[in-house]
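Each reported figure results from applying straightforward, stated rules to the coordinates on display, with no laboratory input. Being a predicted model, the structure only gives us computed values, none of them experimental.
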Amino acid sequence: MVNFMLKISADLENLTNLQPQGGCDDPSFPYLFKLKCGRCGELSQKETCVSLGDTVPLLQGKGTTNLVQKCKFCMREGTVTMIPGKGRPLTQEDCEGGKFAPLMLFDCRGYEPVGFVFGVGWKVESVSFCSSSSTLDGFFSDTANHSKGFGM
């Protein structure tokens, strides 16, 4: 088992608490990234969507996972299981200190997540008006969409 922590960073000016709309453990938030096969190194052509609310039974053993996928090149099967409760919003203090905020922990077996994609469904709060929050749908441009924010 290899755990990958997705960490994010941004330049937040007069903003704080960047996170998925329903919080880091939002069951409907789609985490999008490509997967690299642990056996042959093949990188998926399209982004894979994983969310806490989508679960499938494990083929061997007991329990569930959030994704079971087969490599199209070597046919090896792998899983991605999300581990909630490990993430937090990115704050203005993090940004000022050049720090990353942990967003979600992934238990990956047979795959490595690569290139997180910022999609829709994010929210942020104003520092000036702390009670005010805004959604950021469409805020992230296509050219600055990918992040290499995974770490072990």
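Points worth noting:
- Cα-Cα over 22 Å, subset of Lys86/Lys123; Lys46/Lys72; Lys7/Lys70; Lys36/Lys123; Lys7/Lys34; Lys7/Lys62: Lys7/Lys70; Lys36/Lys123; Lys7/Lys62
- Cα gyration tensor shape of region 15-88, rounded if a/c is under 1.5, else prolate or oblate by comparing a/b with b/c: oblate
- Full-extension gain in nm, Met1 to Leu59, via 0.36 nm per residue minus C-alpha separation: 19.3 nm
- ³J(HN,Hα), Karplus 6.51/-1.76/1.60, whole Hz, each residue of region 24-33, x for Gly, Pro: 4, 9, 4, x, 9, 6, x, 8, 10, 6
- Measuring between their Cα centroids, region 101-122 and region 1-52 lie 2 Å from each other.
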